[in-house]
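The values are calculated or read from the model by the stated rules, or taken from the named source; none is laboratory data. Note that the structure is a prediction, hence the values are computed from the model and not measured. Note: ideal-geometry Cβ built from the backbone for every residue, glycine included; neighbour counts use all protein chains shown. Ligands, DNA and RNA are excluded from the accessible area calculation, which covers all protein heavy atoms including side chains. Shrake-Rupley method; radii C 1.70, N 1.55, O 1.52, S 1.80 Å.
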Amino acid sequence: MRYVRARLVRFLFTVWLGATVIFFVPRLSRSDPTDAIIGQLLSSGAGVENADAIIEAYKQRFGLDDSIWVQYGRYLANLFRFDNGYSVVEFPTTVDSLVLSALPWTLGLMGAAIVISFLVGNLTGTLLGWERTPRWVGRVLTVPLVFTALPAFMVGLLLINVFSYNFGWLPPTGAYDPSVDPGWSVAFALSVIEHAVLPVTAVVMVTMGGWALGMRGMMITTAGEEYVRLAEAKGLRSSRVLFNYQVRNAILPQITRLGITLGLIASGFVVIERVFNYPGIGMRLFRAVTRNDYPVIQGVAWYLVLGVALAVLVVDLIYPLIDPRISYRSDSD
Amino acid sequence: MGPRSWAHWVNPTLIAGLALVLLVIVSEWVLPVFVDTDQIAAGSGAPSVVPSFGPTPDLAAGFVEATPDHPLGTDGRGRDMLAVLAVGTPRTLKIGLIGAGLGTLIGVLLGFSAGYMRGRVDTVISTLADTAMTIPGLAVLVVVASVVGEIGVVSMGLIMAAFAWPMPTRVLRSQVLTMRERRYVVMARMSGSSTPGVMFKEIMPNLLPYLAASFTESVAGVILAVTSIETLGLGSRRLPTLGTTVNNALEGSAVFRGMWWWWLPPIFVLAVIFVGFLLLTNGLDQVANPRLRDESL
Amino acid sequence: MSNILEVTDLEVTYRSRSADLVAVQDVSFSVGRGELVGLVGESGCGKSTTINALLRLLPRAGRVTAGMALLDGHAGPLDLLSVDEKRLRDVRWRDIAIVPQGAMNSLNPVMPVGKQLADGVTAHRDASTPEVNERISELLNLVGLAEETTGRYAHELSGGMKQRVCIAMALMNRPALVIADEATSALDVIVQRLVAQTILDARDKMGTSFIVIGHDIGLMAQLVDRIAVMYLGRIVETGPVIDVLTDPKHPYTELLLASVPEVGKEAPAVQSGGLVASPVTGGCAFRERCPEAMEVCAAETPPVRRRSGGGEFACHLDRHG
């Protein structure tokens, strides 16, 4: 269980570091976020009936007279209780409930995009690196890789322009058609899928190339391995040699890489949601930015850190199941 | 094996990338010759009209497609797009270069220390770098940028550096660990010249291609990150960058008004930058690691 | 066909961007049923290239440019070098198996040993699980491994254990011919003995033929029936192992035998010239290192002479009559 413990420690360390950075870095700048929040509340106080109550709540919450360390301790303690405070703009809605209501959309869209991209990319890479792939197939497969260098939102804009604006085939924004009642119905499901096609495609198009190139390299490496040549000498079907011997080993570093790049993927997703007006937590972040809703910005940022760290932890914990060389008992990294 | 010969650096991928990047850089001095950059001020394209959201583009409505006066048209607020690009492109590039430059510098120092000293120093630096890599940079950047408000090119570059160091740190560390055991370095160590300074001089020339590749990769990464947070409406508001231009186009619903000349040019320039730096990075990787050349597509 | 394998005039060429390199040339030999044939020579002499050509496992740059290799397997004689993919897959592991050189990396690191032992059987016929398992335990027993080894992964085994797993794997289908490529080189002497014993057992009990590749002349002497000596891509001498070792006809064989360390014996001076393989350009390839080189050695390819008592050698000199 040493492995599990080491991974858990790393998870907690990541989350703690993220929270600490989110807490301290803004305070290093001249403007104090608390001042900014209160200032904003005061300036909009005329329109808000209970401005005093909010200010009171915040003063209490941030304990303005306490030292920064006491504030920091309180901040961490509150994070533990999943208490990120209140939205300034939508008081008294809590930050956590805002995030929670947006989370399923992000998880669904991101999950779909990551899974599809990982599968399609690695399959492409497998074929690109396999000795028996016909040459023309290899040529055709390199074509979709040209988008690899581009940011997802860029491809997203192009897709919207072509498929929504020019052809009108697919909806450009939102998560579902507002005229369809949300619920467990086929119509709603179809609407959700229809709205997810473009953003997911955009993300898949720019991320699959990375998987494909990595997999291709690993395929070339494993092709030279003695156990693959021996499998060949055993007269196994070439599909068995390919999947049970070559791909099975080549995929391992790709899974490690998945863990490393999740943070980057999540960052790209925030912008994708903004471009597609998709009601996930990236959109919440964008709205909070435009409305200067500082507690929401801070809260979403922390949830992003937490979410990615959790996903990395899951990848780490799954890894020993597919690579017997890493055992839960071993203490090596 | 000493420092590599210059022949290694003559590499088609590298040259193509360099050409694209230079093209973008040179445009900083070339474009202002053709366009009055003062036209980035709102309404300069159609001074007398209030921006409107009318369905058909014409000068009276505040924005136009290409005209002789405005070869790339004007945006929803009547700003000349060519002027916007002429001002925005170098600003975006500068942020990338400053961020990646400082990030790489930090990476060199940390990575070299970790690889050279090993032991506890290595553990601390590696753990920090690995952890920092799994923290989504955008989340933290948004927090910082939303507090700071208006951010100039230099400060934005400095902020970005804080997120550009883990990758070069890892690259440097693993390279130094490998190089450390190479025969000529072992020889240098045995012959008494084992101070970090001498090691640094011994190892650095061989690390140059790795470093250069890591730097160009960072530039693209920083530009992506800064463009991303600008797309969320953060960063510089007074003067345009490519990212804020995309954000303006999004806010102005440019796509749905058919104003392709508003959102497409900044994206096109960004694409050239990204492809250019990708080619540069791949080319430098091939220089650093000649075996890759035979395997490249 | 009385022999299990007959190789004639095998030639293998490696293509590179700059030039083609002939790695193996005019290699001919045969292996009788139940016979153990040793193939010796220094590294780079073409031993591995020869067997990789027979198994059709040459790296991409390598091509068989001439020759035949008739294998008399379960479906009758066929040329290993030109047979189509489908029939090749059919004879692989069923008629001809290999104990690979790099036993360290020869096992799939993420597949339990038992599965790797089994899939070589089930790929060729519908064998029931109990039947396969019985065969596995029989063979693990033969090579001196515990039955629990089936559940283990490669990283949990020592080098010697992995090597023995590979031997068991090669014998799973009772193939007519097994190629053991340096099967004992990386092992300590006691395990070496065990491996040698396993090979002899397999021959006695199943009539398996072996091509044993190695550079340990001492072990060869005790193990194989016939021996072939390779130098720079050619076979320079063949014959019954005792004859060749006690009465070497080719100067290279002599040098090889003299280089075997022996207690109380001084090592001979060895000329290093010609150690690096280079394309053979007429004449005798060994001439640069040969202590008895003559003018004719540079000009003409040496004639193939018969040894009394069986075997051949290729030299301009016929010193011992």
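What number of residues within segment A:302-316 satisfy the criterion of being open to solvent by 30 Å² or more (accessible area, probe 1.4 Å) and free of Cβ contacts under 8 Å to residues at least 40 places away in the same chain?
1
Identify, by number, the condition in (1) at pLDDT below 80; (2) more than 20 Å from the chain's Cα centre (by Cα); (3) surrounded by 23 or more Cβ atoms within 10 Å (Cβ to Cβ) that C:Pro261 doesn't meet.
(3)
Taking the options B:Ile125, B:Ile151, B:Ile106, name whichever one is outside any helix (DSSP H, G or I) and either of a type outside the set (Asp, Glu) or within 18 Å of the chain's Cα centre (by Cα) (or both).
B:Ile151
Go through the residues of segment C:36-51 one by one and say whether even a single one is open to solvent by less than 10 Å² (accessible area, probe 1.4 Å), part of a loop (DSSP other than H, G, I, E, B), of a type in the set (A, V, I, L, M, F, W, C) and touching a strand residue (DSSP E or B) at 6+ places or on another chain (Cβ under 8 Å).
Within segment C:36-51, one or more residues are open to solvent by less than 10 Å² (accessible area, probe 1.4 Å), part of a loop (DSSP other than H, G, I, E, B), of a type in the set (A, V, I, L, M, F, W, C) and touching a strand residue (DSSP E or B) at 6+ places or on another chain (Cβ under 8 Å).
Here are some conditions: (1) more than 14 Å from every other protein chain (Cβ to nearest Cβ); (2) in a loop (DSSP other than H, G, I, E, B). A:Ala149 meets all but one. Which one does it not meet?
A:Ala149 satisfies all of (1) more than 14 Å from every other protein chain (Cβ to nearest Cβ); (2) in a loop (DSSP other than H, G, I, E, B) except (1).
Is one or more of the residues making up segment A:131-139 within 11 Å of chain B (Cβ to nearest Cβ), touching a Gly at 6+ places or on another chain (Cβ under 8 Å) and open to solvent by less than 30 Å² (accessible area, probe 1.4 Å)?
Taking segment A:131-139 and keeping what is within 11 Å of chain B (Cβ to nearest Cβ), we get A:138-139.
If we keep only those that are touching a Gly at 6+ places or on another chain (Cβ under 8 Å) too, we end up with none.
No, the conditions are met nowhere in segment A:131-139.
Considering only residues of segment A:223-238 that are more than 7 Å from every other protein chain (Cβ to nearest Cβ) and not aliphatic (A, V, I, L, M), which is nearest to C:Arg87 (Cα to Cα)?
My answer is A:Ser238.
Return yes when A:Leu79 is part of a loop (DSSP other than H, G, I, E, B) and touching a residue at least 40 places away in the same chain (Cβ under 8 Å) and no when it is not.
Values: part of a loop (DSSP other than H, G, I, E, B): no; touching a residue at least 40 places away in the same chain (Cβ under 8 Å): yes.
Judged against the criteria, A:Leu79 is not a match.
For segment A:255-269, does any single residue satisfy the condition of being in contact (Cβ under 8 Å) with a residue 12 or more places away in the chain, touching an Asp or Glu at 6+ places or on another chain (Cβ under 7 Å), within 30 Å of A:Val95 (Cα to Cα) and not aromatic (Phe, Trp, Tyr)?
The answer is yes; a qualifying residue exists.
Scan the strands (runs of 3 or more DSSP E) fully inside segment C:57-167 and keep the ones with 3 or more residues being touching a residue at least 40 places away in the same chain (Cβ under 8 Å), within 11 Å of chain A (Cβ to nearest Cβ) and surrounded by 13 or more Cβ atoms within 10 Å (Cβ to Cβ).
Values: elements: C:62-73, C:76-79, C:96-99.
So the answer is C:96-99.
For segment C:208-218, which residues satisfy the criterion of being more than 14 Å from the chain's Cα centre (by Cα) and at pLDDT below 90?
Residue satisfying the conditions is C:Gly218 alone.
Given (1) open to solvent by less than 10 Å² (accessible area, probe 1.4 Å); (2) within 14 Å of chain C (Cβ to nearest Cβ), where does A:Val247 come up short, assuming only one miss?
(1)
With A:Glu232, A:Glu194 as the choices, which residue is more than 30 Å from C:Gln116 (Cα to Cα), of a type in the set (Asp, Glu) and assigned to a helix (DSSP H, G or I)? Steps first, answer last, please.
Details: A:Glu232 fails: more than 30 Å from C:Gln116 (Cα to Cα).
After applying the criteria, what remains is A:Glu194.
Considering (1) modelled with pLDDT under 80; (2) open to solvent by less than 50 Å² (accessible area, probe 1.4 Å), say which one B:Ser296 fails and leave the rest.
Checking B:Ser296 against (1) modelled with pLDDT under 80; (2) open to solvent by less than 50 Å² (accessible area, probe 1.4 Å), the one that fails is (2).
In the list C:Glu312, C:Glu266, which residue meets the criterion of being under 30 Å from C:Gln222 (Cβ atoms), acidic (Asp, Glu) and at pLDDT below 85?
Result: C:Glu266 is the single residue among C:Glu312, C:Glu266 that is under 30 Å from C:Gln222 (Cβ atoms), acidic (Asp, Glu) and at pLDDT below 85.
Could you tell me how many of the residues in segment A:289-301 are within 8 Å of chain B (Cβ to nearest Cβ), crowded, with 24+ Cβ neighbours inside 10 Å and of a type in the set (A, V, I, L, M, F, W, C)?
3
Suppose we filter segment C:150-192 for residues that are hydroxyl-bearing (Ser, Thr, Tyr) and farther than 14 Å from C:Pro109 by Cα; how many remain?
Adding up the residues that qualify gives 2.
Here's the yes/no breakdown for (1) among the aliphatic types (A, V, I, L, M); (2) away from chain C (no Cβ under 14 Å); (3) touching a Phe, Trp or Tyr at 6+ places or on another chain (Cβ under 9 Å):
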| site | (1), (2), (3) |
| --- | --- |
| A:Met218 | yes, no, no |
| A:Thr221 | no, no, no |
| A:Leu258 | yes, yes, yes |
| A:Ala266 | yes, yes, no |
| A:Ile272 | yes, yes, yes |
| A:Ile281 | yes, yes, yes |
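Among the candidates C:Thr301, C:Thr281, which residue alone is modelled with pLDDT of 80 or more and β-branched (Val, Ile, Thr)? Walk me through how you get there before you give the answer.
On the way: C:Thr281 fails: modelled with pLDDT of 80 or more.
Only one candidate qualifies: C:Thr301.
Output the residues belonging to segment A:93-112 that are touching a residue at least 60 places away in the same chain (Cβ under 8 Å), of a type outside the set (A, V, I, L, M) and either open to solvent by 40 Å² or more (accessible area, probe 1.4 Å) or not in a helix (DSSP H, G or I) (or both).
A:Trp105, A:Gly108
Could you please find all residues in segment C:225-247 being touching a Leu at 6+ places or on another chain (Cβ under 6 Å) and surrounded by fewer than 23 Cβ atoms within 10 Å (Cβ to Cβ)? Write out each step before concluding.
Step one: list which residues in segment C:225-247 are touching a Leu at 6+ places or on another chain (Cβ under 6 Å), which gives C:225, C:228.
The answer is C:Asp225, and nothing else.
Among the residues of segment B:128-140, is any of a type in the set (Ser, Thr, Tyr), within 11 Å of chain A (Cβ to nearest Cβ), in contact with a Leu (Cβ under 9 Å, 6 or more places away or on another chain) and farther than 16 Å from B:Ser214 by Cβ?
Checking segment B:128-140: at least one residue is of a type in the set (Ser, Thr, Tyr), within 11 Å of chain A (Cβ to nearest Cβ), in contact with a Leu (Cβ under 9 Å, 6 or more places away or on another chain) and farther than 16 Å from B:Ser214 by Cβ.
Report the residue count in segment A:113-130 for those that are open to solvent by less than 20 Å² (accessible area, probe 1.4 Å) and either facing chain B (nearest Cβ under 10 Å) or touching an Asp or Glu at 6+ places or on another chain (Cβ under 7 Å) (or both).
Our first condition is that a residue be open to solvent by less than 20 Å² (accessible area, probe 1.4 Å); within segment A:113-130, this holds for A:113, A:117, A:121-122, A:124-126, A:129.
Subset that is either facing chain B (nearest Cβ under 10 Å) or touching an Asp or Glu at 6+ places or on another chain (Cβ under 7 Å) (or both): A:129.
Residues in segment A:113-130 being open to solvent by less than 20 Å² (accessible area, probe 1.4 Å) and either facing chain B (nearest Cβ under 10 Å) or touching an Asp or Glu at 6+ places or on another chain (Cβ under 7 Å) (or both): 1 in total.
For B:Leu270, state whether it is at pLDDT 85 or above, outside any loop (DSSP other than H, G, I, E, B) and in contact with a Pro (Cβ under 8 Å, 6 or more places away or on another chain).
So B:Leu270 passes the test.
Select, from C:Asp72, C:Asp90, the only residue that is farther than 30 Å from A:Leu321 by Cα and under 20 Å from the mean Cα position of the chain (by Cα).
Selected residue: C:Asp72, the only one of C:Asp72, C:Asp90 that is farther than 30 Å from A:Leu321 by Cα and under 20 Å from the mean Cα position of the chain (by Cα).
Quick check on segment B:254-267. Is at least one of its residues in a helix (DSSP H, G or I), within 18 Å of the chain's Cα centre (by Cα) and within 10 Å of chain A (Cβ to nearest Cβ)?
Looking for residues that are in a helix (DSSP H, G or I), within 18 Å of the chain's Cα centre (by Cα) and within 10 Å of chain A (Cβ to nearest Cβ), one finds at least one in segment B:254-267, hence yes.
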